[in-house]
1. Residues being over 20 Å from G69 (Cα atoms), open to solvent by 10 Å² or more (accessible area, probe 1.4 Å) and either modelled with pLDDT under 95 or in contact with a Leu (Cβ under 9 Å, 6 or more places away or on another chain) (or both): count how many of those fall in the range 215-241.
2. Could you list, in sequence order, the residues of the range 272-288 that are under 20 Å from Y254 (Cβ atoms) and either buried (at least 18 other Cβ atoms within 10 Å of the Cβ) or of a type in the set (F, W, Y) (or both)?
3. Among all residue pairs at least 6 apart or on different chains, which show Cβ distances below 9 Å where the first residue, located in the range 120-131, is at pLDDT 95 or above and the second is assigned to a helix (DSSP H, G or I)?
4. Say whether the condition of being in contact with a Ser or Thr (Cβ under 9 Å, 6 or more places away or on another chain), aromatic (F, W, Y), buried (at least 16 other Cβ atoms within 10 Å of the Cβ) and under 21 Å from K30 (Cα atoms) is met by at least one residue in the range 69-84.
5. If you take the residues in the range 85-97 that are in a loop (DSSP other than H, G, I, E, B) and open to solvent by less than 40 Å² (accessible area, probe 1.4 Å), which one is modelled with the lowest pLDDT?
6. Would you mind listing the helices (runs of 4 or more DSSP H) fully within the range 204-321 where at least 2 residues are under 23 Å from the mean Cα position of the chain (by Cα) and closer than 26 Å to L365 by Cα?
Amino acid sequence: MKVLLLRFGELYLKGNNRNVFENTLIQNIKTMLKDEQFTFSKTFGRYVISNYDENRQDEIIEKLKKVFGLYSLSPAIEVDAQLDKIKEVVSQIKIGRQSFKVFVKRADKTFPLSSMELARGLGELLLNQNVGSSVDLYNPQKEIYVDIRLNHKAYIFDEVIKCQGGLPLGTAGNGLLLLSGGIDSPVAGYLMAKRGMRLEALHFHSYPYTSTQAKDKVIKLAQLLCNYVGEIKLHIVSFTKVQEEIHKRCKSEYMITIMRRIMMRVAEKICIANNLGAIITGESLGQVASQTMQSMTVTGSVVDNLPIFRPCIAMDKEEIIAISKNINTYETSILPFEDCCTVFLPKNPVIKPTIRQAESEESYLNINSLVDECITTEEVVLINKN
């Protein structure tokens with residue numbers, strides 16, 4: 001019987017909490033495949049998808065590859081764990097004149113042969129049936145796997161497809177992603193989701209200084225993230241009044257610092273109102289003036305009750321771009337529609353601000369009023385993948 005054999009990664013480390021993580025992962029798998037017909041079963045250390053439409057195998061694999069918590073999968077043949085049945089399947093594998101190696105994993109220790117004995121016997125069988133083939137234990141051209149599980153079934157396959165890894169979505173609480181139109185913030189959201197965190201998102205727009213196309217771009221980025229994280233509640237607030245007031249009343253070099261401090265205050269209020277446990281940003285240390293150690297200290301100091309997660313903090317731009325291309329957000333992120341962070345951009349922003357100076361500049365503003373006014377403009381859009 002043709003099946004898909006699924007493997008998970010870090011869940012085996014979870015001890016007494018393992019059932020919570022496994023149950024969440026199983027539910028996420030079923031949700032991802034909700035439009036497919038299939039049978040789901042589990043044996044210790046593996047999940048098995050069977051009775052699916054074989055014509056849709058590629059589409060099903062693509063969906064499963066996006067499930068956080070799955071480490072890898074393999075299209076496999078399932079047979080009873082009996083030597084003659086295993087040999088029957090292995091004998092049909094075409095090696096040609098390639099070098100090969102047989103890997104055997106024997107979780108079921110009641111199987112009469114050891115892993116090495118079975119691998120040796122299957123290798124001899126393949127050598128006899130494939131003229132010109134050879135065994136290479138170190139750098140084989142083809143790899144054949146036999147996985148004997150505790151359910152007394154054997155799974156034979158020759159392909160291991162890498163999945164997302166990480167932790168099941170929903171096992172690490174809920175966070176609010178500050179989603180701009182750039183490259184970094186979608187990557188930050190993806191990375192936190194990979195650690196099990198469900199996402200909502202917050203976008204600041206500055207119409208008419210920024211276009212409606214910039215807003216549409218952010219909605220598209222959220223849709224692309226939905227391929228991995230499911231539905232996203234996107235909070236959109238107007239930042240126009242805030243930026244106009246900062247431009248009018250504060251020193252130009254402190255504009256970005258004050259702007260980001262107000263963003264953090266707005267984000268914290270939205271988190272509290274929506275029972276979200278963290279703020280997530282795409283900041284990378286030293287990438288721009290607002291992302292120096294001093295700048296992040298000053299902007300983060302206004303958040304009293306929540307952690308600020310910066311999963312891109314130690315990455316260089318090329319690493320971030322590589323992930324954005326892998327999750328298919330890059331081409332949308334580089335569309336030439338400016339976000340609010342480019343409005344009234346000072347020529348020489350301060351790179352080593354101090355909390356004392358930032359508070360001095362903020363004394364010229366009615367901070368609480370500006371924050372509250374931002375929140376009154378909030379528009380909530382439920383985003384799903386296309």
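1. 9
2. Result: T281, E283.
3. Listed pairs, sorted by first residue: G121/L83; G121/K87; L122/I86; L122/K87; L122/V90; L125/K87; L125/V90; L126/V90.
4. Checked against the condition, which is being in contact with a Ser or Thr (Cβ under 9 Å, 6 or more places away or on another chain), aromatic (F, W, Y), buried (at least 16 other Cβ atoms within 10 Å of the Cβ) and under 21 Å from K30 (Cα atoms), the range 69-84 yields no hits at all.
5. In this case the residue turns out to be G96.
6. Counting at least 2 such residues, we get 255-273.
Yes/no matrix, rows are residues, columns are (1) hydrophobic (A, V, I, L, M, F, W, C); (2) surrounded by 15 or more Cβ atoms within 10 Å (Cβ to Cβ); (3) out of contact with any Gly (no Cβ under 7 Å at 6 or more places or on another chain); (4) under 25 Å from A193 (Cβ atoms):
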{"site": "Q243", "(1), (2), (3), (4)": "no, yes, yes, no"}
{"site": "R249", "(1), (2), (3), (4)": "no, no, yes, no"}
{"site": "S252", "(1), (2), (3), (4)": "no, yes, yes, no"}
{"site": "I256", "(1), (2), (3), (4)": "yes, yes, yes, no"}
{"site": "I270", "(1), (2), (3), (4)": "yes, yes, yes, yes"}
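The values are calculated or read from the model by the stated rules, or taken from the named source; none is laboratory data. These numbers come from a predicted model, not from an experiment. Don't worry about glycine lacking a Cβ; one is built from the backbone with ideal geometry, like all the others, and counts go over all protein chains shown. Note: accessible area is taken over every heavy atom of the protein model, side chains too, but ligands, DNA and RNA are not part of it. Shrake-Rupley method; radii C 1.70, N 1.55, O 1.52, S 1.80 Å.
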